[in-house]
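Peer 1: Below you will find the structure I want to go over with you.
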Amino acid sequence: MSTQVHASIDEATVKQISEQLDEPEWLLETRLDALSALDDLGFPDVIQTPSQKWTNLDALDFERLVDPLEAAEEKDQVGPEGIDVLPFAEALDTHGELIEEHFGSVVDPQTNYLTALSTALFTTGTVVHVPEGVDAEDVTIRTTMNSRSLFNYTLVVAEESSSVTILERQESGSSVDGNRYYSGITEIAAAENSYVQFGNLQDLDETTYVYSLREADIDTYATANWIECNVGSHLTKSSVESHLNGDSSESKITGAFYGHDDQHFDIDARVWHNAEHTTADLVTRGVIDDEARSVYEGVQHVGRDAWDTSSYQRENTLMLSDESEADASPKLIINNHDTEASHSATVGQVSETDMFYMISRGLNERIARNMLVEGFYVPILEEIEVDELREDLQGRIQDRLQARE
């Protein structure tokens, strides 16, 4: 491995983080195990061909970017009565057994080098616990990053027959010299007959390198839906995965991104059909402009025991400049013949026919293009149940379109 952080990150650093957060012994041991595993772990998989590696994560200068002892952030964690929305350190005091049961049960802390690094070094986080039978809306988690690096962890536990809708957002606060690094891990445990919608808007400044991994364990008759929106950062590696482990479980992964200047988005959406009568829908739409680049990989994996599976995937990228680049790799892996599945991906520019029609109705070229781009996102916006997230995303899209004029 070409990149190491051991010169600045060692066992003493991890112990200091754990001590400051007053953590139990089991969590400290989990952190130390992750730290010791770094030498044996590779970076997250990225799409590559014999002549090209589309996202080069191991070129990042972690030695310079990672400084967990100086982590600084502002966090707003708001939820309705009847559920718990707690800072991670506080939740350890009141929900210690719950966290011990679920921490690392969905996202393996040693999945790859970056998840292990996050497990060893995270200093902030949120635990959302929805008791059995409770319906909750308007859970909001806002993180403002004020340091060179920040490692964040989110755990959502939805008990049987409960429901919850969550908005998480990351943005930048005070500036620092040079680049930054943000890492976010999210685990969702959706119990039988529960419903979770988790929406995220990543809007960090364009000096920031971002790694995020979100996974859900979805039980019988349960649903976990993701809304993953990326507009900020210099480079983002974002992965969202749903594990349909219970019969008749469902998941929808909806993604949106807008890249400009020299931004780079590497987006993964994966679903694992592991039980009978499961349903999944993967829909991603993105716009890239200037010299921005996007890479998309979608995987639908149907297991041997996943009878009566329905799985669909669509990815569309709209290019606004000749210098932008986009690649897409949708995949179907089917091990059970009782399956209805499809996948598609398109990359193209604004339709000349649509532009001609709009201009012929009296609109100038700039307004016509902007209206077509906003219309391109409508199928995504219609899937967002959280009004604040939908309005925030619409606003950021409009900001980008106005800035290019």
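Peer 1: Of the cross-linked pairs K15/K252; K15/K331; K15/K237; K75/K252, which ones have a Cα-Cα span greater than 31 Å in the structure shown?
Peer 2: Working: K15/K252 39 Å; K15/K331 42 Å; K15/K237 28 Å; K75/K252 28 Å.
From K15/K252; K15/K331; K15/K237; K75/K252, over 31 Å: K15/K252; K15/K331.
Peer 1: Then there is this: For M355 and R304, what does the FRET efficiency come to when R0 = 41 Å and r is the distance between their Cβ atoms, rounded to the nearest 0.05? If you can, show how the numbers build up before the last one.
Peer 2: Values: r = 49 Å, r/R0 = 1.19.
Using R0 = 41 Å, I get an efficiency of 0.25.
Peer 1: I'd like the antiparallel share, as a percent to the nearest 5, of DSSP beta bridges with both residues in the chain. Let's see the in-between values first.
Peer 2: Numbers: 12 of 145 bridges.
Bridges in the chain are about 10 percent antiparallel.
Peer 1: So how far apart, in nm, are the two label points at E29 and S321 if each is 7 Å from Cα heading toward Cβ?
Peer 2: 5.3 nm
Peer 1: Taking 0.36 nm per residue of separation and subtracting the Cα-Cα distance, what length does fully extending N364 through I333 add? Don't skip to the end; give the middle numbers.
Peer 2: Details: separation 31, 0.36 × 31 = 11.16 nm, distance 4.61 nm.
Separation in residues times 0.36 nm, less the Cα-Cα distance, equals 6.5 nm.
Peer 1: With all protein chains present and a 1.4 Å probe, how do M145, M371, M319 order by accessible area, largest first?
Peer 2: Working: M145 0, M371 100, M319 35 Å².
The most accessible residue leads, giving M371, M319, M145.
Peer 1: Also: Which whole-Hz couplings ³J(HN,Hα) result when phi for each residue of the range 183-189 is put into the Karplus expression 6.51 cos²θ - 1.76 cosθ + 1.60, θ = phi - 60°, listed in order with x for Gly and Pro?
Peer 2: Whole-Hz 3J(HN,Hα) from phi for the range 183-189: 10, x, 10, 10, 10, 10, 10.
Peer 1: Measure off 7 Å from each Cα along the Cα-to-Cβ vector at E19 and E383, then give the distance between these two points in nanometres to one decimal.
Peer 2: According to this spin-label approximation, the distance is 4.7 nm.
Peer 1: At 1.4 Å probe size, what's the solvent-accessible area of K331? Round to the nearest 10 Å².
Peer 2: Surface open to solvent at K331 totals about 80 Å².
Peer 1: Sticking with this structure for a sec: Got the relative contact order for the chain handy, in percent, Cα pairs under 8 Å and 6 or more residues apart?
Peer 2: Numbers: 1018 pairs, mean separation 39.2, N = 405.
The value is 10 percent.
Peer 1: Taking 35 Å as R0, compute the FRET efficiency from the Cβ-Cβ separation of E291 and A341 and round it to 0.05. Spell out each step's value before the answer.
Peer 2: Values: r = 35 Å, r/R0 = 1.01.
Computed FRET efficiency for E291 and A341 comes out at 0.50.
Peer 1: Quick one: length gained pulling D138 to E74 fully straight, 0.36 nm per residue minus the C-alpha distance? Don't skip to the end; give the middle numbers.
Peer 2: Numbers: separation 64, 0.36 × 64 = 23.04 nm, distance 1.92 nm.
Contour length minus Cα-Cα distance gives 21.1 nm.
Peer 1: In what order, largest first, do S212, S172, S105 sit by accessible area if the probe radius is 1.4 Å?
Peer 2: Numbers: S212 5, S172 35, S105 70 Å².
Ranking S212, S172, S105 by accessible area, largest first, yields S105, S172, S212.
Peer 1: I've got another one for you. Taking 0.36 nm per residue of separation and subtracting the Cα-Cα distance, what length does fully extending L372 through A12 add?
Peer 2: Details: separation 360, 0.36 × 360 = 129.60 nm, distance 5.44 nm.
The span from L372 to A12 would gain 124.2 nm if fully extended.
Peer 1: Give the carbon-plus-sulfur fraction of the accessible surface of the range 104-201 in %, rounded to a whole number; probe 1.4 Å, heavy atoms of protein chains only.
Peer 2: Values: 910 of 2510 Å².
Whole-percent figure for carbon plus sulfur exposure: 36.
Peer 1: Can I ask one more? What does the net charge come to around V134 if you take all other residues with beta carbon closer than 10 Å to its beta carbon, with K and R at +1 and D and E at -1?
Peer 2: Values: positive: none; negative: E81, E132, D135, E159.
Neighbour charge sum, excluding V134 itself: -4.
Peer 1: Enumerate the amide H contacts of Y296 below 5 Å, restricted to partners 5 or more residues apart or on another chain; note that Pro and chain-start residues carry no placed amide H.
Peer 2: So Y296 has HN proximity to I267, D327, A328, S329.
Peer 1: Please list, by residue number, everything in the range 169-211 whose backbone N is under 12 Å from a paramagnetic label point 7 Å out along Cα→Cβ of E160.
Peer 2: Within reach of a label on E160: 191-194.
Peer 1: Related question: Assuming R0 = 22 Å, what is the FRET efficiency of D58 and D261, from their Cβ-Cβ distance, to the nearest 0.05? Before the final figure, lay out each step's value.
Peer 2: On the way: r = 23 Å, r/R0 = 1.06.
The formula returns an efficiency of 0.40 here.
Peer 1: Here's a follow-up. Averaged per residue, what accessible area in Å² does the range 241-290 show with a 1.4 Å probe, protein chains only?
Peer 2: In whole numbers, the range 241-290 has 25 Å² accessible per residue.
The values are calculated or read from the model by the stated rules, or taken from the named source; none is laboratory data. Since we're looking at a predicted model, the values are computed, not measured. Counting neighbours? That spans all protein chains shown, and the Cβs are built from the backbone with ideal geometry, glycine included. We work out accessible area using only protein heavy atoms, side chains counted, and drop any ligands, DNA or RNA first. Shrake-Rupley method; radii C 1.70, N 1.55, O 1.52, S 1.80 Å.
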